[in-house]
Amino acid sequence: MPFTEDQILALAPDEASKKSGKDLANPSKWVSKGANEQVLWGEAQGSGSKPYQTQIDLQQIAFKCSCPSRKFPCKHGLGLMLFYSRQQKDFTSRDAPLWVTDWLSKRTEKDEKKVSREEKPVDKAAQAKRQQARQQKISDGIAELRLWLKDIIRNGILNIPDKGFGYFENMAKRMVDAQAPGLANMIRGAGDCNFYSEGWQSAFMDQLAAIYLVIEGYTNKAHLNEPAQQDIKTWIGFTQSQEELKVQAGITDTWLVLSKQSIEVDTITTERNWLYGTQSNKYALVLQFIVSGQGGQLTFTPGMFVQAELAFYPSIAPLRAIVKTQTATNSAAHFTVFQNWQQVTETETQLCAEMPVRNERPFIIQQLIPVQFNNQWWLQDEDKKMMQLKNEHKSIWKLLALSGGEAMNMAVIGKEDKYEPVGVWYKNEYKTL
Amino acid sequence: MEYWSNIINTAMIGTDKKMISDNELPSALTEMVSLIRLNDQIDKEEKFLQIAALALNYRQAGVQPLHKETVRLQPSPAEEKSYCSKSALQVLKDIQSEDSIPLLKFWLQQAEAKRQLVHPELIPSLLAAGAQTKSLQILVAVCCGKRGEWLSRFNELWNFSLNQTAEQLWQTGTPEQRRTIFRQTRISDPSLARVWLQQTWAQEDANTKAAFLEIFAINISEADISFLESASTEKSKKVKEEAIGLLKKIPSAAVVQWYQRELQQSVELKKEKALLGLSSKLVLKFHLPATIDEAIFKTGIEKLSNDKAFTDDEFIIYQLIRSVPPAFWQSHFSAGPQTVIDIFQKDSIGKKMMPALVIATANFKDEAWASNLSQHSEIFYMELLPLLPVQQQEHFSNKFFAQFPDNIIQFAVQRETEWSVELTKNIFIHIAKNPYNFTRSFFSQYIHLIPAPIIAELEKCTPPEEHLRIMWSNTSDYIIKLITLKVQTLKAFHE
């Protein structure tokens, strides 16, 4: 198993699980245990009379445990994995017991069922009718949004900070009613600008211009090529059928998990997994939405190499993807990276020409050094060209400690003129920041 | 990007009042902007939104990295020591997640002893721990090596790690750092510490002086007399009292000598005939000289008794006995400690003076007397425990544990050496019975004193009461976790 202890702990849903998992990484806690190339299993003595049965699919990194915990993975799963990473030689049994093989075969059956469900025919006429009705709703919503934008521009943005939450939320809700949840999020994004920070006006205008570009793009979509139309539809909030995506040919590669960012809103955790295809030299963003108390389908941890086929959402510059199949976890693979900031900005300029509205993207850039200039931290390349660090308080100290003022290959996420470092290669090992 | 500022300025006041003009925009956009302006299908607000969207894209597409040849970062110098093993690093991570400062200190001590460094990735968290817990600072600075020193230049909260010499720290450190380094130097080289203090004495304020004098008690000796005598003439009452208090701890100090002279006249050992002159016995006589120098009462000796059991004269003698080294009695009576103790115990007034002898023993840190008093006194005196050899400390702590559990625990936690299994067991049995008086932090705080073999005895400490039993079972799990981390630390540095 090519996981470091830190990578295993990064799978934990919270700090308490990490602690409990560590406590369980101890031979005295396990009544039985075993492992082979495919699966890892163990029976943990809990407070009940029967030990909990814990099993981990090592190929697709999936957990199952008979304990009543709602956390995922539970402390037993984490503990077993940590125990295995520390003392592999103690796992002498290689023949999986019945409860393990049963679980594995059920997983395979489930996958097959999914495929058969995907093959069910769709009522195309009804679907087209629904689409038409939705388009009408969206067009009506866009007309209202256009008026709202123009109203702001006519009166000026000076007093926007005084408008309050409701001003944005009401229009966002209107967009939800118009079945344009993407636009609703963009409006909320404008309302979420930090009006107390210096330069809020620029960030706010960026967001207004982006909303305007999307609604104009949607209004004039007939003049756009198919991928551009798809990008606009995504911004509006059209969902893409995952079944349809899975039918498309994907890209099979050894993907390196660069970063996992989790944001919890209400009871839903959104996991943003940033991946890099070591052979295809493509970057991917795999989103996972986890409802509190339920486990996610994917178990990625930064620094992990995953052998998988990814299907990308259609776009001018495809980035968002889903995992079509995941076959194994690999160890480190060789790959190429951006040479300097010039290459990054050239790529960004190219993207700007094709996609005027876009989110941050990841880049792996070689040999960057953190440097201080004008009381701010920057990342300097070998040509002495530099970009400013985004969210520097989050990563600067670990970055500086690992770098010691020496250049390092670095994974960053950002756009325009600010980039957040998310990982570095320190002595050939990927370390997250 | 002046054009973007112009867009913002227009947006701020609104298109109702102002529209952006061509000369406020880059010439590269002129053609596109004129197309927008010519579009009569849209109003000025939309025209502005289109111009703003165009300018936004122009801005984003034209981003160039900042080229600064002169901006450099001086790299961290190479380390002179080796890094700790991966297993030691893993234990450190586990310790950090337990938030146990003593365990962290224990880990750092092992690393320091082996001249090993922490890996760079954990340096920021260690420096942050050092910034929060001052007592860790020196160890953190040592274990973070050159990289830690280099890193701390960028964060003023971490400046404690700057590799300064002890003397530099004394001269330029924070008050806390100065006190720490002064304490350490007083332990390792008391005269150097005294010289340092003398050099800066005039510049220190009264509170700082008093704080340093408090530390000065460590390794106090005859060589300190002249400095303390000059300090005892300070204006500040606090400093004066502290200096006089310290002088009273030095047997050769003038004030102690004075007390001894008074006692020589006040306490006599006389041979008296007994059994109608057939035999004789030694009798203690306590009487103050007819004239006593009134100045003695300005040195902290009270004239009137505040205890009904003592007459005024007895009380003065009691205070004098308390203030002279117990060894004085050996020369005064020409007898060994055991005989002196017997003489005092057999006499009715002498018996009352026993606590004064004990205080004097503790005051002058007379280990031989502490040992004799513990063995031959009818009463056990807690204050003597720290002066006894570890084995005797253990013996008396266990012997009198049932009588003074809280006092013995209070003393035990101040020890620097690990407790014996027997003492630990006694302490744990007491804690298991009184779980509300001892939280988990007790074990985390004193884990450095808890011996690993106690794991086998934890079950035997279980109290009979059902509700206490469950609590102790949970506490035991926690103790095992802490001990495991301690053992893993030792193993990681000794494998």
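Condition check ((1) assigned to a loop (DSSP other than H, G, I, E, B); (2) within 22 Å of B:VAL487 (Cα to Cα); (3) touching a residue at least 60 places away in the same chain (Cβ under 8 Å); (4) in the same structural domain as B:GLN488 (by TED's automatic domain parsing)) across all residues:
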position	(1), (2), (3), (4)
B:PHE401	yes, no, no, yes
B:GLU416	yes, yes, no, yes
B:LEU423	no, yes, no, yes
B:ALA432	no, no, no, yes
B:ILE454	no, yes, no, yes
B:LEU458	no, yes, no, yes
B:SER473	no, yes, no, yes
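If you go through segment B:34-53 and keep only what is of a type in the set (A, V, I, L, M) and either in contact with a strand residue (DSSP E or B) (Cβ under 9 Å, 6 or more places away or on another chain) or not in a helix (DSSP H, G or I) (or both), you end up with just B:ILE42.
Restricting attention to segment A:199-221, does a residue exist that is under 25 Å from the mean Cα position of the chain (by Cα), part of a helix (DSSP H, G or I), away from chain B (no Cβ under 14 Å) and modelled with pLDDT under 95? No: zero hits. Summed over segment B:102-141, residues that are β-branched (Val, Ile, Thr) and surrounded by fewer than 19 Cβ atoms within 10 Å (Cβ to Cβ) total 1. Is it the case that A:ALA209 is surrounded by 22 or more Cβ atoms within 10 Å (Cβ to Cβ) and farther than 22 Å from B:ASN57 by Cα? The answer is no for A:ALA209.
Yes/no per residue for (1) in contact with a helix residue (DSSP H, G or I) (Cβ under 8 Å, 6 or more places away or on another chain); (2) within 19 Å of B:LEU151 (Cβ to Cβ); (3) surrounded by 19 or more Cβ atoms within 10 Å (Cβ to Cβ):
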| position | (1), (2), (3) |
| --- | --- |
| A:GLN350 | no, no, no |
| A:PRO362 | no, no, yes |
| A:ILE365 | yes, no, yes |
| A:ASN428 | no, no, no |
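Residues in segment A:339-394 that are assigned to a strand (DSSP E or B) and among the aromatic types (Phe, Trp, Tyr) were compared, and the one that is nearest to the other protein chains (Cβ to nearest Cβ) is A:PHE373.
Taking the conditions (1) of a type in the set (Ser, Thr, Tyr); (2) more than 28 Å from A:GLU429 (Cβ to Cβ); (3) within 14 Å of another protein chain (Cβ to nearest Cβ) in turn, A:THR4 satisfies each one other than (2).
For segment A:286-302, the set of residues classified as surrounded by fewer than 21 Cβ atoms within 10 Å (Cβ to Cβ) and either modelled with pLDDT of 90 or more or of a type in the set (Lys, Arg) (or both) consists of A:LEU287 only. Please enumerate the residues belonging to segment B:43-84 that are within 7 Å of chain A (Cβ to nearest Cβ), in contact with a helix residue (DSSP H, G or I) (Cβ under 6 Å, 6 or more places away or on another chain) and farther than 25 Å from B:GLU24 by Cβ. Those that are within 7 Å of chain A (Cβ to nearest Cβ), in contact with a helix residue (DSSP H, G or I) (Cβ under 6 Å, 6 or more places away or on another chain) and farther than 25 Å from B:GLU24 by Cβ: B:PRO65, B:SER76. Of the residues making up segment B:13-33, just one is over 24 Å from B:VAL63 (Cα atoms) and not in a loop (DSSP other than H, G, I, E, B), namely B:ILE13.
Residues checked against (1) within 28 Å of the chain's Cα centre (by Cα); (2) away from chain B (no Cβ under 14 Å):
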position: A:PHE72; (1), (2): yes, yes
position: A:LYS75; (1), (2): yes, no
position: A:ARG94; (1), (2): no, yes
position: A:ALA133; (1), (2): no, yes
position: A:GLN136; (1), (2): no, yes
position: A:ASP151; (1), (2): no, no
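Applying a threshold of 7 Å to beta carbon distances and a minimum spacing of six or more residues, or different chains, the list of pairs starting in segment A:1-28 at a residue that is free of Cβ contacts under 8 Å to residues at least 60 places away in the same chain and ending at one that is surrounded by fewer than 17 Cβ atoms within 10 Å (Cβ to Cβ) reads A:LYS19/B:SER97.
Per-residue answers, yes or no, for (1) within 12 Å of chain B (Cβ to nearest Cβ); (2) without any contact (Cβ under 8 Å) to a residue 24 or more places away in the chain; (3) under 19 Å from the mean Cα position of the chain (by Cα):
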site	(1), (2), (3)
A:GLY404	yes, yes, no
A:VAL412	no, no, yes
A:TYR419	yes, no, yes
A:VAL422	no, no, yes
A:LEU433	yes, no, yes
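The residue that is nearest to A:THR432 (Cα to Cα), counting only those in segment A:29-55 that are out of contact with any helix residue (DSSP H, G or I) (no Cβ under 9 Å at 6 or more places or on another chain) and of a type in the set (Ser, Thr, Tyr), is A:SER32.
Restricting attention to segment B:132-191, the residues being of a type in the set (Ser, Thr, Tyr), part of a helix (DSSP H, G or I) and over 27 Å from B:CYS84 (Cβ atoms) number 3. When every residue of segment B:89-100 is checked against the conditions, at least one turns out to be farther than 30 Å from A:LYS150 by Cβ, among the hydrophobic types (A, V, I, L, M, F, W, C), touching an Asp or Glu at 6+ places or on another chain (Cβ under 9 Å) and within 12 Å of another protein chain (Cβ to nearest Cβ).
Selection within segment B:54-100: residues that are closer than 30 Å to B:VAL33 by Cα and either basic (Lys, Arg) or part of a strand (DSSP E or B) (or both). The member of this set that is farthest from the chain's Cα centre (by Cα) is B:ARG59. Only one of the numbered conditions (1) in contact with a Cys (Cβ under 7 Å, 6 or more places away or on another chain); (2) free of Cβ contacts under 8 Å to residues at least 24 places away in the same chain is violated by B:ALA193, and that is (1).
Could you tell me which of the residues B:THR180, B:THR174 is modelled with pLDDT under 90 and surrounded by 17 or more Cβ atoms within 10 Å (Cβ to Cβ)? Only one candidate qualifies: B:THR180. Taken together, B:LEU108, B:LEU122 contain a single residue that is facing another protein chain (nearest Cβ under 10 Å), over 15 Å from the mean Cα position of the chain (by Cα) and assigned to a helix (DSSP H, G or I), which is B:LEU122. Considering each residue of segment A:56-66 in turn, none proves to be in contact (Cβ under 8 Å) with a residue 12 or more places away in the chain, buried (at least 17 other Cβ atoms within 10 Å of the Cβ), of a type in the set (Phe, Trp, Tyr) and closer than 20 Å to B:GLN90 by Cβ.
When A:ASN185, A:ASN159 are screened for being modelled with pLDDT of 90 or more and either surrounded by 18 or more Cβ atoms within 10 Å (Cβ to Cβ) or over 30 Å from A:VAL247 (Cα atoms) (or both), only A:ASN159 passes.
When segment B:344-374 is filtered for residues that are free of Cβ contacts under 8 Å to residues at least 24 places away in the same chain, among the polar types (S, T, N, Q) and more than 22 Å from B:PRO251 (Cβ to Cβ), only B:SER348 remains.
The values are calculated or read from the model by the stated rules, or taken from the named source; none is laboratory data. In this text the structure is predicted, and so the values were computed from the model without any measurement. Note: ideal-geometry Cβ built from the backbone for every residue, glycine included; neighbour counts use all protein chains shown.
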